[in-house]
Structures are given as C-alpha cells and as structure tokens.
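Written out below as structure tokens is the structure these notes cover.
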2 protein chains.
Amino acid sequence: MKDPHSAFRALADPTRRAILVQLLNGPHTIGEIAEGFAMTRPAVKKHLAVLEEGELIRVIPEGRKRLNQIAPAGLAPVIGWLATFDAFWDARLSTLKSVIEQEETHHDRPRKDRTRRD
Amino acid sequence: MKDPHSAFRALADPTRRAILVQLLNGPHTIGEIAEGFAMTRPAVKKHLAVLEEGELIRVIPEGRKRLNQIAPAGLAPVIGWLATFDAFWDARLSTLKSVIEQEETHHDRPRKDRTRRD
DNA sequence: TTGACATGAAACTATAAGGTTTCATATTAA
DNA sequence: TTAATATGAAACCTTATAGTTTCATGTCAA
C-alpha cells in the first residue's frame, strides 16, 4: 500500500477538506474554487498543489482552464492505514456496515453496474 | 458528528501515527514511547498532547506514571468525514465489505490478544 | 526522609506552512 | 493582432509546528 503520509498531510487542513467536498459536485477551475474562500487564488493554488501531491485530485488541462477533479481513490491509503486499527474496526463495525448498506440502498437506482460483478 | 479537525490534524504527523500504532500493543508510558523515537521526551510529550487533543489517546495516571492508552473511538469523526465521499465508497465498497466480513469471521474465534484487555 | 525516578512545563530556535502582492505566460475572442 | 481571461510562479511576510535544553514537581523505595 502506498505511503499515506502525503494524503494525511493534505487532509490536515480544513480549507483542503472543504475543497474536496466542493469537488464532489464535479470538476472546478481554480477560479471557481477560490470564489468560495476568503483567500486569494495563489493561496488556493497552494492548497490544490498539496491535494495533488496527496493524489486526492487530478488536474485536467482544458484550453486555458485547468479542471481540478477529485480522485477519491487517493483516499485508499488513508483507509488502509486506518484499517490497521482493528480495535477501531471492532468498535465501529456496525456503524460501518450500516453506512455501507445505506450506500447500497442508494445504488438501487439505475446506474452503471459496479458491485454486482463480484 | 464531532468536528474531525483535531483528529485529522493529529494524524498528519508521521511520529504521531507511529505512536498510535505502537499503542496498539497496549498502554505505554511516555518514557517507553520516547525510547522508540530519535527525539527527546518533551518532543514526544507534545505529540501526545496533540493526540490527546484529538481524542485519539487517553492518559491514565498510575502512581508516578502516566499510561497513554489508545482511544480508537476518536477515529470515528475521521471515518465519518471520509464517508461523505460516496464516490470513494462506491469505488471501495467491495474492498471494504470484504475487510469487514473478514473481521466478523475473526470475531468468532480467539485471536492474538492485543487490545483485548478491558 | 532522602535520593532516584517519571513526568511536566517553560523558554527558546529553526523550519514549515499558509497567506499576500506582483509579475509572467498561455489561450480565447473580437 | 490585440485585449481580456485563466492560470502559474516568484518573492516575501507571519505564525505554527517540531524540536531542543533546562528546571520544577510529584511519587516510590530504601
């Protein structure tokens, strides 16, 4: 498993976590992202650089724009590290299961087949 | 759900993550913990303070010692925040399910006694 | 009671991190 | 081609963070 450090570091800042949440709505340019925060674009740019370093976002050039897209697979090393705490998993097992089952319920609406193919 | 910031911040440092892993073997004094790291006890003390602030450890006074004990429930806000990324859960669902089911299987029989002392 | 032990706290230092302003570069549209 | 747009990069400032050394405090054991 990839070293989770860069991802943990990226997640440590509230602005960066908020950016990730915002990107759940789809890719956004740095300009769009910066509008939502009380800081300048260069400051947001640095946060995006840290998120990219942690492989939590990808940057897709599109003309003169750069679309910043969330890369949720980058969270895998984080989850992987957390999973080493099986005392934690013991304690949270039922919560997790319900979260997942709720997810699966949402999946009942038509969408690309995913978990069906195991 | 509790704000995950103090926990995310605590997890951002590799020394603190290593301390948490070490504490999976049971409670340890600061002296014992400091032996494992190339830094002084006051430095380790500061890390422990951050972990305590994030509610990832508890400190149990015992005579002139202080036992630092992992508090895995403190990871719940972290998991809770990660759970908002249902794109992530989509991608990781089957993996997670297998992890959990494996955990459940293990529950039925005795296993390596680690954090089992209550 | 006294010395050794285990820890805590204060003051200080160096570097990293988050922010700014300013300027440069690439692309689109008129 | 040129002006506006979208972004990137450099230099700088301030504060937080991670570490140190030094000293103080509380507890155990002889």
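Some points to look at:
- Those residues of region B:24-46 which are within 13 Å of DNA strand C (Cβ to nearest atom) and within 13 Å of chain A (Cβ to nearest Cβ), in sequence order: B:P27
- Qualifying positions in region B:48-78 - within 14 Å of chain A (Cβ to nearest Cβ), assigned to a helix (DSSP H, G or I) and within 16 Å of DNA strand D (Cβ to nearest atom): B:V50, B:L51, B:E53
- Each residue in region A:1-12 was checked for being in contact with a Leu (Cβ under 8 Å, 6 or more places away or on another chain) and either under 22 Å from A:R64 (Cβ atoms) or touching a residue at least 40 places away in the same chain (Cβ under 8 Å) (or both), and 4 pass.
- For A:T15, the test of being more than 14 Å from chain B (Cβ to nearest Cβ), of a type in the set (S, T, Y) and in contact (Cβ under 8 Å) with a residue 24 or more places away in the chain is failed.
- For region B:4-40, a tally of residues being among the polar types (S, T, N, Q) and at positive phi returns 0.
- Tally, over region A:14-46, of residues that are assigned to a loop (DSSP other than H, G, I, E, B), under 13 Å from A:Q69 (Cα atoms) and among the hydrophobic types (A, V, I, L, M, F, W, C): 1
FYI, it's all coordinate maths here, none of it is from the lab. Quantities reported herein were computed from a predicted structural model and do not represent experimental measurements. Neighbour counts run over all protein chains shown; Cβ positions are idealised from the backbone, glycine included.
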